[in-house]
Structure formats: C-alpha cells, structure tokens
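Undergrad: If you scroll down you'll find the structure; I have some questions about it.
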Amino acid sequence: MDERKILLSEKEMPVAWYNVLPDLPEQLPPPLDPRTGKPVDPSVLAAIFPVSLLQQEMSVEPWIEIPEEIRQVYAMWRPTPLHRAVALEKYLKTPARIYFKNESVSPPGSHKPNTAVAQAYYNKKEGVKRLCTETGAGQWGSALSFACNLFGLECVVYMVKVSYQQKPYRRIMMQTWNAKIYPSPSDQTNYGRKLLKENPDNPGSLGIAISEAIEDTISGKDSKYSLGSVLNHVLLHQTVVGLETQKQLELIGEKADVLVGCVGGGSNFAGLVLPFVKDKIKGKSEVEIIGVEPTACPTMTKGPYRYDYGDTSGLTPLLKMLTLGHDFMPPGIHAGGLRYHGLAPIVSMLVDKKIVRAEAVAQTKAFEAAVIFARTEGFLPAPETSHAIRVVIDEAKKCAETGEEKCIVFNFSGHGHFDLASYDAYLAGKLQDYEYPEEKIRESLEKLPKIE
C-alpha cells in the first residue's frame, strides 16, 4: 500500500457519528436562560432549531446513526484521503511521520459540509423552508449554501463584513448555489441598522453576524437557524473525520502520537480529535492533542472558562465556554474562520481539563508555514488551516532535534484557493501580526454575565 495517500472505500465510510458527551470527564454544564440563570427550556431553542437536532444536541447515546440519505450525499467526496507529507518531512529533515486528513476535497472546499448536509437534511424533514446563518471566512456559508441547494431550501447568509470585502469569491460561490448574502452588520435587521448608525465602518464580527441571523430567523416564516460550529450536534457530525482517520491509520499500522487542528469555534478540530479523546480520558492513550488559534483572537490561551452569550446582542442562551467576552471585536486578520469570541463547550471543557493543549500563532508565522507546505506538498492551505500547519512544523522540528520518530496527524480543514489576496499580502511583505491587547480583553470580560 502506498502510504503517501491512504484511501478507504465508500463501504468503509462511518455509518454512525460518535457522541463524546457520555465519555467526558464530567457532565457538560447546561445552556442557561440569561433571564433566570436556570437551564434553558427546550421550547425556547425549538424556535430556532429543528427538534431532531435538539435531540442530538442533548443525546447521551454514544453512537447516532447517519441516515442513508446523508451518506449518499457524503459519498460525493467521502471518505476523504489521508496523505503522508513525505516531501515536507524531507524538507524539515525530521524523523517524524506527518499525515494530513484532506477535507479540502469536498465541493465547497472544506470540512464544513459534514454538518451542513446533515442540518439541511433534518430541517427539510421537519418542513422548514428557509435557513438563516452567519459566516466568517465564508467556508461555512458556502457549505450551507451547497447543502440547501441540494435539499431545495432557501439559504440566507450574514457574512462578517471584513471577510465579505476580503473574500469576494466565497460570496460568488454562495450566490452560485442560490444563497442570499448580506455583509454584516447589515441594513436587513434592527440590530445591524443600530450598529451601522453607531459606526458606518463597523468591520463586523462572528458574534454580530450570529445576532443578525437569529433575529432574521425569529422574524421569518418557516425559518430556522443553522450554526456551523460550537454546538454539540455540529461537532457530532464532524466526527466522520476522526473516525475515518482512525481506520486509515490502522490500515497502515500507524498510531497517532500528536493530533493538531486549527481552532475558531472548534468544529474541524473536534471532528478530528474527539474519536481519539475517549481513550485519552480513560487513560488508555497518551496521544498529545494540540489546538491552535491566532494571537489576534486568543480564546483558548487567554479566555476564562465562563458562561457567556454565543452572539453579540445577547439573543442566545448562555453557554459555559472559554470566551473573550461576547462584545469582543476582533481585528480584520485574514484567518476569518478563527475570529470567534467563544469556543465549543465540549472543546472548552477538554482544554480546561488539560486533555487538550492550546497554542496561539501569529498570522505571519502561519502564512510562512502555509508557503512551506504549498512548496513541498503542492496543496494551498486556507489561512485557518495554516495555523495548524505552523505547529505541525514546529513539532516536527522538535523531533529532528531529539530524534523522536513521532506520528503527527493534522486536519487539512480547507483549501486556500479563494484566499489568494491574503497570500499576495504576505508575499508582498504587507501582512502584519497582531496580538490582542490584555487591557482590551479585560474590558470585554468585565461585561460577562454574572454567572459562574
């Protein structure tokens, strides 16, 4: 078998998603109603999510069957290949063996359709006609546009304004799949109009876009809200990535020593690592798990583990998570998918319990790694993915110094074909690093809800 590209047959695609909730070190803190401070009534959530996804959100069943209709759509690109980065290993002169799970082969070019297809399917089954969502870099928006087009649903996307301006081709892709796109903050919602009145040049944030999408959902007919990260059911759907990776490593007799993924809301990272987490929690594995974020949005490395809103205007229930504060306004870095103020509650607990190690990377260092990867392996990574590649390279260099022959596996979460303006800025020496000021973080955290 050629270890450079490990493939599975369609028959070996997972038939069930793995639910980590029953295997966590302790029960996940419940979402709270901000008005009462008590666990939120499911009927409140049913106003924006279909019942089937809410059931998955709270399920304690370890395995949830993937419907055949979803598996048929997955088969357009799944199972995805696991590549060995032999050329990168040679360039780094490392004894480490580096593998990457290539999620960029999906039609929208990232891991996001793994949950977009599932969410569109369950909404369609419950009679929903229209889905509203937000997107940062545009990968989630394009994935949901793709999925809604397949299932005949209307799709409305609020795209963070700075990304809308930086990444026009993502917008065009969404429009090609029949979606309506609005730069957020927009003039389509009361909240958007309020922010634009205060600051017409507001660059937007994922928290703002979420607020607009939820307001649109509540006021729209036959509409539901769809989220591309953070929530339990989203991470559940992404576990097809890690489940396939486990099978592929077994095929060639490999065992991961280090797992790496970039982290914004947590979906691609969780998708890779959650199937491996079970044994680590139970002491049966010593695999090192590393989540990588930008220094400009240091949720894991500088945020406290607290209850906070998932959006900026305070429309969502409170989630216990690592957070920089719901009114955190990130700078316009080029890794748009990593600009979220919070983090999936599941991943937040794993970081808090030190099952996962967090690292922060400056964007010039991430792009330096991206260029090295593209020049050795040929694939052009998304700016988000490049943060993971930076740490993979650093870990491989450590192996070169120590002589350790570690197996390093990372999630190649998306391609960078629509991010060439970012590469152009880096190659021209115009890209600048940004470390979010401690005083700005403290200022934002002072506005957290007074719930521990």
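Undergrad: Can you tell me which residue among Ile172, Ile218, Ile181 is farther than 20 Å from Asp419 by Cβ and of a type in the set (A, V, I, L, M)? Break it down stepwise before answering.
TA: On the way: Ile172 fails: farther than 20 Å from Asp419 by Cβ; Ile181 fails: farther than 20 Å from Asp419 by Cβ.
Residue meeting the stated conditions: Ile218.
Undergrad: Separate question: Considering every residue within segment 188-207, establish whether at least one is closer than 17 Å to Leu144 by Cα, small (Gly, Ala, Ser), buried (at least 24 other Cβ atoms within 10 Å of the Cβ) and not assigned by TED's automatic domain parsing to the domain that holds Ala382. Let's see the steps before the verdict.
TA: Taking segment 188-207 and keeping what is closer than 17 Å to Leu144 by Cα, we get 206.
Now restrict to residues that are small (Gly, Ala, Ser): none.
No, every residue in segment 188-207 fails to be closer than 17 Å to Leu144 by Cα, small (Gly, Ala, Ser), buried (at least 24 other Cβ atoms within 10 Å of the Cβ) and not assigned by TED's automatic domain parsing to the domain that holds Ala382.
Undergrad: Could you identify the single residue in Ala137, Ala116, Ala179 that is in the same structural domain as Ser226 (by TED's automatic domain parsing), more than 21 Å from Leu315 (Cα to Cα), in contact (Cβ under 8 Å) with a residue 40 or more places away in the chain and touching a Ser or Thr at 6+ places or on another chain (Cβ under 7 Å)? Outline the logic, then answer.
TA: Working: Ala116 fails: touching a Ser or Thr at 6+ places or on another chain (Cβ under 7 Å); Ala179 fails: in contact (Cβ under 8 Å) with a residue 40 or more places away in the chain.
The conditions single out Ala137.
Undergrad: Looking at segment 43-61, can you tell me whether even one residue there is touching a residue at least 12 places away in the same chain (Cβ under 8 Å), in the same structural domain as Pro381 (by TED's automatic domain parsing), closer than 30 Å to Arg130 by Cβ and of a type in the set (A, V, I, L, M)? Explain how you work it out, then say what you get.
TA: Let us first name the residues in segment 43-61 that are touching a residue at least 12 places away in the same chain (Cβ under 8 Å), namely 44-45, 47-54, 56-61.
Applying the additional criterion that residues be in the same structural domain as Pro381 (by TED's automatic domain parsing) yields none.
Within segment 43-61, none of the residues are touching a residue at least 12 places away in the same chain (Cβ under 8 Å), in the same structural domain as Pro381 (by TED's automatic domain parsing), closer than 30 Å to Arg130 by Cβ and of a type in the set (A, V, I, L, M).
Undergrad: Right, something else. Kindly check whether there is at least one residue in segment 265-283 that is among the acidic types (Asp, Glu) and more than 24 Å from Ile64 (Cα to Cα). Give the steps one after another, and end with the answer.
TA: Residues of segment 265-283 among the acidic types (Asp, Glu): 279.
This time we only want the ones that are more than 24 Å from Ile64 (Cα to Cα), so: none.
Within segment 265-283, not a single residue is among the acidic types (Asp, Glu) and more than 24 Å from Ile64 (Cα to Cα).
Undergrad: Can we say Gly204 is touching a helix residue (DSSP H, G or I) at 6+ places or on another chain (Cβ under 9 Å) and not β-branched (Val, Ile, Thr)?
TA: Numbers: touching a helix residue (DSSP H, G or I) at 6+ places or on another chain (Cβ under 9 Å): yes; not β-branched (Val, Ile, Thr): yes.
When the stated conditions are applied, Gly204 passes them.
Undergrad: I would also like to ask the following. I'm trying to understand the selection: among the residues of segment 291-315, which are in contact with a His (Cβ under 9 Å, 6 or more places away or on another chain) and modelled with pLDDT under 85?
TA: Initial filter on segment 291-315 (in contact with a His (Cβ under 9 Å, 6 or more places away or on another chain)): 292-294, 297, 299, 303, 308-314.
Gly310, Asp311, Thr312, Ser313, Gly314, listed by residue number.
Undergrad: Go through (1) touching a helix residue (DSSP H, G or I) at 6+ places or on another chain (Cβ under 8 Å); (2) within 22 Å of Pro183 (Cβ to Cβ) for Asp424 and report which single condition fails.
TA: (1) is the only condition that Asp424 fails.
Undergrad: Working carefully through the options Val260, Val241, Val230, Val234, find the one that is part of a strand (DSSP E or B) and among the β-branched types (Val, Ile, Thr).
TA: On the way: Val241 fails: part of a strand (DSSP E or B); Val230 fails: part of a strand (DSSP E or B); Val234 fails: part of a strand (DSSP E or B).
The match here is Val260.
Undergrad: Now, a different point. Name the single residue, out of those in segment 127-156 being among the β-branched types (Val, Ile, Thr) and under 17 Å from the mean Cα position of the chain (by Cα), that is modelled with the highest pLDDT. Give the steps one after another, and end with the answer.
TA: First, pick out the residues of segment 127-156 that are among the β-branched types (Val, Ile, Thr): 128, 133, 135, 156.
This time we only want the ones that are under 17 Å from the mean Cα position of the chain (by Cα), so: 133, 135.
Working: Thr133: 97, Thr135: 92.
So, considering only residues that are among the β-branched types (Val, Ile, Thr) and under 17 Å from the mean Cα position of the chain (by Cα), the one modelled with the highest pLDDT is Thr133.
Undergrad: Need the failing condition index for Asp216 against (1) in contact (Cβ under 8 Å) with a residue 60 or more places away in the chain; (2) part of a loop (DSSP other than H, G, I, E, B), just the number.
TA: That leaves (2) as the condition not met.
Undergrad: What about Trp17, is it free of Cβ contacts under 8 Å to residues at least 60 places away in the same chain and either touching a strand residue (DSSP E or B) at 6+ places or on another chain (Cβ under 9 Å) or not assigned by TED's automatic domain parsing to the domain that holds Asp352 (or both)?
TA: no
Undergrad: Suppose we filter Glu439, Glu384 for residues that are in a helix (DSSP H, G or I) and surrounded by fewer than 23 Cβ atoms within 10 Å (Cβ to Cβ); which single one remains?
TA: On the way: Glu384 fails: surrounded by fewer than 23 Cβ atoms within 10 Å (Cβ to Cβ).
Residue meeting the stated conditions: Glu439.
Undergrad: OK, next. Touching a Ser or Thr at 6+ places or on another chain (Cβ under 8 Å), touching a residue at least 60 places away in the same chain (Cβ under 8 Å) and farther than 21 Å from Ser313 by Cβ: does that describe Lys167? Steps first, please.
TA: Working: touching a Ser or Thr at 6+ places or on another chain (Cβ under 8 Å): no; touching a residue at least 60 places away in the same chain (Cβ under 8 Å): yes; farther than 21 Å from Ser313 by Cβ: yes.
It is false that Lys167 is touching a Ser or Thr at 6+ places or on another chain (Cβ under 8 Å), touching a residue at least 60 places away in the same chain (Cβ under 8 Å) and farther than 21 Å from Ser313 by Cβ.
Undergrad: Hey, another quick one. Return the pair list, or none, for Cβ contacts closer than 8 Å from residues in segment 425-444 that are closer than 10 Å to Thr364 by Cα and not assigned by TED's automatic domain parsing to the domain that holds Lys167 to residues that are of a type in the set (A, V, I, L, M) and at pLDDT below 85, at least 6 apart or on different chains.
TA: Tyr434/Ile333
Undergrad: Out of the residues in segment 337-373 meeting the condition of being of a type outside the set (A, V, I, L, M, F, W, C) and in a helix (DSSP H, G or I), tell me which one is modelled with the lowest pLDDT. Break it down into steps so the answer makes sense when it comes.
TA: Step one: of segment 337-373, the residues of a type outside the set (A, V, I, L, M, F, W, C) are 337, 339-342, 345, 348, 352-354, 357, 359, 363-365, 368.
From what's left, in a helix (DSSP H, G or I): 337, 345, 348, 352, 363-365, 368.
Numbers: Gly337: 57, Pro345: 97, Ser348: 97, Asp352: 97, Gln363: 92, Thr364: 95, Lys365: 97, Glu368: 98.
Applying the filter and picking the extreme gives Gly337.
Undergrad: For segment 28-60, which positions are farther than 21 Å from Ser348 by Cα and surrounded by fewer than 16 Cβ atoms within 10 Å (Cβ to Cβ)?
TA: Selection gives Arg35, Thr36, Asp41, Pro42, Ser43, Val44, Ala46, Ala47, Val51, Gln55.
Undergrad: Let me ask another. Kindly indicate the residue of segment 115-131 that is at negative phi and touching an Asp or Glu at 6+ places or on another chain (Cβ under 8 Å) and also surrounded by the most Cβ atoms within 10 Å (Cβ to Cβ) among those meeting that condition. Before you say what the answer is, go through the steps one by one.
TA: The first filter runs over segment 115-131 and keeps only residues at negative phi, leaving 115-126, 128-131.
Filter again for touching an Asp or Glu at 6+ places or on another chain (Cβ under 8 Å), leaving 121, 128-131.
On the way: Tyr121: 19, Val128: 20, Lys129: 14, Arg130: 18, Leu131: 29.
Ranking the candidates gives Leu131 first.
Undergrad: If a residue must be at positive phi and surrounded by fewer than 24 Cβ atoms within 10 Å (Cβ to Cβ), how many such residues does segment 250-294 contain? Spell out the reasoning first.
TA: In the first step, residues of segment 250-294 are kept if they are at positive phi; the result is 253, 266, 283.
Narrowing the set further to residues that are surrounded by fewer than 24 Cβ atoms within 10 Å (Cβ to Cβ) leaves 253, 283.
Of the residues in that region, 2 qualify.
Undergrad: Evaluate segment 370-381: report whether one residue or more is closer than 30 Å to Gly325 by Cβ and out of contact with any strand residue (DSSP E or B) (no Cβ under 6 Å at 6 or more places or on another chain). Give the steps one after another, and end with the answer.
TA: Filtering segment 370-381 for residues closer than 30 Å to Gly325 by Cβ gives 370, 381.
Right, trim to out of contact with any strand residue (DSSP E or B) (no Cβ under 6 Å at 6 or more places or on another chain) and you get 381.
Taking every residue of segment 370-381 in turn, at least one turns out to be closer than 30 Å to Gly325 by Cβ and out of contact with any strand residue (DSSP E or B) (no Cβ under 6 Å at 6 or more places or on another chain).
Undergrad: Within segment 406-413, does at least one residue satisfy the condition of being farther than 30 Å from Val240 by Cα and in the same structural domain as Gly291 (by TED's automatic domain parsing)?
TA: The initial filter retains those residues of segment 406-413 that are farther than 30 Å from Val240 by Cα, namely none.
No, that holds for no residue.
The values are calculated or read from the model by the stated rules, or taken from the named source; none is laboratory data. In this text, all values refer to a predicted model and were calculated from it rather than measured experimentally. All Cβ positions, glycine included, derive from the backbone under ideal geometry; neighbour counts span all protein chains shown.
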